[in-house]
1. Are there any pairs, at least 6 apart or on different chains, whose C-beta atoms fall under 6 Å, with the first in the range 49-72 and farther than 15 Å from residue 123 by Cβ and of a type in the set (A, V, I, L, M) and the second in a strand (DSSP E or B) and modelled with pLDDT under 95, and if so, which?
2. Residues that are closer than 24 Å to residue 23 by Cα, touching a Gly at 6+ places or on another chain (Cβ under 8 Å), surrounded by fewer than 16 Cβ atoms within 10 Å (Cβ to Cβ) and of a type in the set (Gly, Ala, Ser): does the range 115-123 have at least one?
3. Let me spell it out: the conditions are (1) over 23 Å from residue 24 (Cβ atoms); (2) touching a residue at least 40 places away in the same chain (Cβ under 8 Å), and residue 112 meets all of them except one. Which number is the exception?
4. Going through the range 21-36 one residue at a time, which ones are within 13 Å of the chain's Cα centre (by Cα) and either surrounded by fewer than 18 Cβ atoms within 10 Å (Cβ to Cβ) or part of a helix (DSSP H, G or I) (or both)?
5. Conditions: (1) within 17 Å of residue 132 (Cα to Cα); (2) of a type in the set (A, V, I, L, M); (3) out of contact with any strand residue (DSSP E or B) (no Cβ under 8 Å at 6 or more places or on another chain). Residue 101 meets all but one. Number of the miss?
6. When you look at residue 74, is it among the small types (Gly, Ala, Ser) and loosely packed, with under 13 Cβ neighbours inside 10 Å, yes or no?
7. Would you check which residues across the range 64-98 are β-branched (Val, Ile, Thr) and outside any strand (DSSP E or B) and list them?
8. Among the residues in the range 60-76, are any over 16 Å from residue 11 (Cα atoms) and aliphatic (A, V, I, L, M)?
Amino acid sequence: MSEENKAIQRRSHEDIWDKHNPDAVDEYYASDFINHSAPPGVPADREGLKGLIAMYFDAFPDLEVTNEFVLADGDKVIIRWNARGTHAGPLGDIPATGNKIATRGISIAQISHGKIVGTWNESDQMDLMQQLGVIPALEKA
């Protein structure tokens, strides 16, 4: 089962992130999907997720997301990912800066009956905001 779940995650990554196609969410995510890490004001369902993904593609048209490693245990798939891109469009209320960013995070996907039913995501948003110039970088001691 773990290898099957890893394959589902791999295919969803290719179809959504590699092809910049948020509509592919409908193929891989269950109709009752829950995004346990949805930002405030964003619906925690498939439509909310598609909106978030589309926002990132609009903000970073050259966005590349690569999986550093993928682990699976039972119905959970854990992904360590890296993302790079150029901030060429608005990211929420943040206007385009032209800054290049490189960030990483960890996502956990729960899979049931061949569909992703839930996700949990963690990334360093402070670092991203510093790279965008929205907040100053901390001085090194």
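The values are calculated or read from the model by the stated rules, or taken from the named source; none is laboratory data. Remember, it's a predicted structure, so these values are computed and weren't measured experimentally. Every residue, glycine among them, receives a Cβ derived from its backbone with ideal geometry; neighbour counts consider all protein chains shown.
1. From residues that are farther than 15 Å from residue 123 by Cβ and of a type in the set (A, V, I, L, M), there are no pairs.
2. For the range 115-123, residues closer than 24 Å to residue 23 by Cα, touching a Gly at 6+ places or on another chain (Cβ under 8 Å), surrounded by fewer than 16 Cβ atoms within 10 Å (Cβ to Cβ) and of a type in the set (Gly, Ala, Ser): present.
3. Here residue 112 meets the rest and fails (1).
4. If the condition is that a residue be within 13 Å of the chain's Cα centre (by Cα) and either surrounded by fewer than 18 Cβ atoms within 10 Å (Cβ to Cβ) or part of a helix (DSSP H, G or I) (or both), then 21, 22, 25, 36 are the ones that fit.
5. (3)
6. yes
7. 97
8. Scanning the range 60-76 turns up at least one residue that is over 16 Å from residue 11 (Cα atoms) and aliphatic (A, V, I, L, M).
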